[in-house]
1. Being surrounded by 20 or more Cβ atoms within 10 Å (Cβ to Cβ) and part of a loop (DSSP other than H, G, I, E, B) is the filter here, so list the residues in segment 119-143 that pass it.
2. When both residues are 6+ apart or on different chains and their Cβ atoms are under 6 Å apart, which pairs have a first residue that lies in segment 200-227 and is within 17 Å of Gly160 (Cα to Cα) and at pLDDT 90 or above, and a second that is of a type in the set (Phe, Trp, Tyr) and in a helix (DSSP H, G or I)?
3. Quick one: is Gln174 polar (S, T, N, Q), touching a residue at least 40 places away in the same chain (Cβ under 8 Å) and in contact with a Ser or Thr (Cβ under 6 Å, 6 or more places away or on another chain)?
4. Restricting the search to segment 246-271, which residues are part of a helix (DSSP H, G or I) and either among the polar types (S, T, N, Q) or outside the structural domain of Thr85 (by TED's automatic domain parsing) (or both)?
5. Tell me, yes or no, whether segment 203-220 has at least one residue that is more than 28 Å from Leu103 (Cα to Cα), in a loop (DSSP other than H, G, I, E, B) and polar (S, T, N, Q).
6. Here are the criteria: (1) modelled with pLDDT of 85 or more; (2) touching a Ser or Thr at 6+ places or on another chain (Cβ under 7 Å); (3) within 30 Å of Arg37 (Cα to Cα). Tell me which single one Trp117 does not satisfy.
7. Return the residue satisfying two criteria in turn: it lies in segment 151-168 and is surrounded by 17 or more Cβ atoms within 10 Å (Cβ to Cβ) and touching a residue at least 40 places away in the same chain (Cβ under 8 Å), and of such residues it is farthest from Pro194 (Cα to Cα).
8. Kindly indicate which of Leu83, Leu103, Leu77 is under 19 Å from the mean Cα position of the chain (by Cα) and either modelled with pLDDT under 95 or more than 30 Å from Asn250 (Cβ to Cβ) (or both).
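The values are calculated or read from the model by the stated rules, or taken from the named source; none is laboratory data. A quick note: this is a predicted structure, and the numbers were derived from the prediction, not measured. Every residue, glycine among them, receives a Cβ derived from its backbone with ideal geometry; neighbour counts consider all protein chains shown.
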Amino acid sequence: MPVGAEADRLRRGIAWLVWASSIALALASLGLLAVSRGVHPPDVFGPDTFGFRGWQALYALTFSTVGLLILSRRNQLIGWLLLATGALAAVDALAAEYSVVGLAARPAFPGAAALAWLDSWFYLPIVGIIMFFIPLLFPDGRLPSRRWRPVAIGGAIAFGWFAIATAIQPGPMQTATALENPFAVDAPWGAEAPFVGIPATTVFIISAALSLVYRFRSAAAVERTQIKWFAYGIGVVVPLVIAGTLLQGNKVFEVAAVAAPNVVAIAVGIAVQRYRLYDIDALVNRTLVYGALSAVLLGTYVLAVLVLSAVLRPFVGSSDLAVAGSTLAVVAAFVPLRAVIQRAVDRRFYRARYDAGRTADAFGMRLRHDVDLDALSGELIDVVHETLQPAQVSLWLRQKRGRVVLLSTGGKE
């Protein structure tokens, strides 16, 4: 067997082994979660947790599977990064759930405190891969240029130092807040980890995002579309994470913020596999339209309820009529408002397509009233040039007895 084929077989075997191990650990953690549902001793872990329990298992399932799908077709670093993220999340998932069950038991299970310590800092390598290394190396697994090597090295040092400093930071652990860090080291750089690590890693995350802009400006058509997919995923994740951070205590936003990074894995998988790659423009268009439409309708509904309640309260004393009237108004405004927002989005972000659509509509109206083939043939060629912009256009007409006649032709000047 050729050496290349043997190496490829070994690579796929390793990828399948890592994936299977990650899935097994994630399922084991979900089993512990099911057994200990409702068990989360506040005297050990604090009154509540941000987001939801089991988020690490969700990451393990999503990132591992997408990474395996990529590596099953091509040997690319992005696939290995996704697979590594899933493996780290699987280990963290099992550590988190075992520590919850183990520390709630009396006496505590062996190693429960050590796994709680692991869970208190193990999220940092996961964040580093998702937010720094994947954007920096996307989509081909290579740096944009050699000039980005210091950024890659600096980011690895920053995230590595932040994880180690958090792991040995004296005082209560981040997850099991009632327990002191069993592996604490009394060092100044460990005690100051959050104050130095958060700004430093944030700088490198921003640098990775700028590398995508740099890559996009010099990319070919396919790579540009891949970057659009990745940018779309980030565009979905960032607002949800910000909303969840600012609105802590609201479980809906917290759950959305914690689960959102899985969208990045899906977007990367679509982009790297080039599956339905060019659907991104339609997806962005629909997101802009329906996002704006939802915001406008929600604002209209709230404003209508407030106004109608104030107007009708002296007569009916109840807000039920105001709510019903506002609901009917929103339903009636849905279709016309959607058309208005669609035109505004097309005019602002898809100007060429918008102009082409208007040209085609105008020509369609002309066809209803004009049957002069000589006049219409020239106009049809002008419409095709304006909308599709081909290098050459020819108009042929099939007549009786199977004859085909060339009516008109034209090309770019």
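1. Hits for segment 119-143 are Phe122, Phe138, Pro139.
2. Qualifying pairs under 6 Å: Thr201/Phe159; Thr201/Phe162; Phe204/Phe132; Ile205/Phe132; Ala208/Phe132.
3. yes
4. The initial filter retains those residues of segment 246-271 that are part of a helix (DSSP H, G or I), namely 246, 251-259, 262-271.
The one that is part of a helix (DSSP H, G or I) and either among the polar types (S, T, N, Q) or outside the structural domain of Thr85 (by TED's automatic domain parsing) (or both): Asn262.
5. Taking segment 203-220 first, the residues more than 28 Å from Leu103 (Cα to Cα) are 203-220.
Of the ones still in play, those that are also in a loop (DSSP other than H, G, I, E, B) are 218-220.
Filter again for polar (S, T, N, Q), leaving 218.
Taking every residue of segment 203-220 in turn, at least one turns out to be more than 28 Å from Leu103 (Cα to Cα), in a loop (DSSP other than H, G, I, E, B) and polar (S, T, N, Q).
6. Among (1) modelled with pLDDT of 85 or more; (2) touching a Ser or Thr at 6+ places or on another chain (Cβ under 7 Å); (3) within 30 Å of Arg37 (Cα to Cα), the lone unmet condition for Trp117 is (2).
7. The selected residue is Val151.
8. On the way: Leu103 fails: under 19 Å from the mean Cα position of the chain (by Cα); Leu77 fails: under 19 Å from the mean Cα position of the chain (by Cα).
After ruling out the rest, the residue left standing is Leu83.
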